[in-house]
Amino acid sequence: MNATPASAGDLIVIGKIVSVHGVRGEVKVYSFTDPIDNLLHYKHWTLRHEGDVKQAVLISGRSQNKVLVAKLKGLDDREEARLLAGYEICVERSLLPALAEDDYYWYQLQGLKVINTPGELLGTIDHLLETGANDVMVIKPCAGSLDDRERLLPYTDDCVLNIDLAAGEMRVEWDADF
């Protein structure tokens, strides 16, 4: 591992190291990709935690229940691996595959202004949550928003009417009283 990071603006978080696995320096990884083992397609990782940035190379990995177990180059000691718990796994944005039209990565939705059909600004998308039924957008109030309420909106075709990345807006079918 070395400490030469890519530009922070070009990095996308695709997972997180959560703990160690075994005694040979393997780490348990929670993947944010779908399916989870897609994370293993990326061999060069930038690890980030509280201002500390490291480069790592994935040697091997496997799925184990709902997490991945990964072996990183030069990491052969359990105690050394334990120090990586909490690190985000990032890759360069340019490495992500192109999506079909009307498909979006979560990072593209974060920060969009959310406007309902009457034209009321509900806030901006802070982050998304994965649930069993559908993903959920966490909408936080912003300057000019209707009120100071945080809202949880489903990321479904019934709710999301239009996404305009260039304008930084998402139009939704959502009553402001909900």
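Read-outs throughout are calculated quantities, based only on the coordinates presented, and are distinct from any laboratory measurement. What you see is a predicted model, and the numbers here were worked out from it, not measured in a lab. A quick note on method: Cβ atoms are made from the backbone with ideal geometry, for glycine too, and the neighbour counts reach across all protein chains shown.
Here is how the numbers come out for the structure above:
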item: Asp158-Ser94 pseudo-label distance in nm [points 7 Å out on the Cα-to-Cβ vector]; result: 4.3 nm
item: Inter-part distance where the range 101-160 and the range 29-100 are each reduced to a Cα centre, Å; result: 28 Å
item: For the chain, size of Cβ-based charge dipole, Lys and Arg +1, Asp and Glu -1, in debye; result: 1120 debye
item: Gained length - Arg149 relative to Asp135, 0.36 nm times residue gap less alpha-carbon distance; result: 3.1 nm
item: Cβ charges +1 (Lys, Arg) and -1 (Asp, Glu), total dipole of the range 74-178, debye; result: 240 debye
item: 222 nm mean residue ellipticity, helices alone, for the chain (DSSP H n ≥ 4; -39,500 (n - 2.57); rounded to 500); result: -1000 deg cm²/dmol
item: Option label - mean projected area of the Cα convex hull in nm² computed here, alternatives (1) 11.6; (2) 14.7; (3) 10.4; result: (1)
item: Amide H partners (placed H, <5 Å) of His127, local residues excluded; result: Val138
item: Dipole of the chain [Lys/Arg +1, Asp/Glu -1 at C-beta], most positive-end residue of Ala56, Asn38, Gly86; result: Ala56
item: The range 8-95: C-alpha gyration tensor shape, a/c 1.5 cut-off, then a/b vs b/c; result: oblate
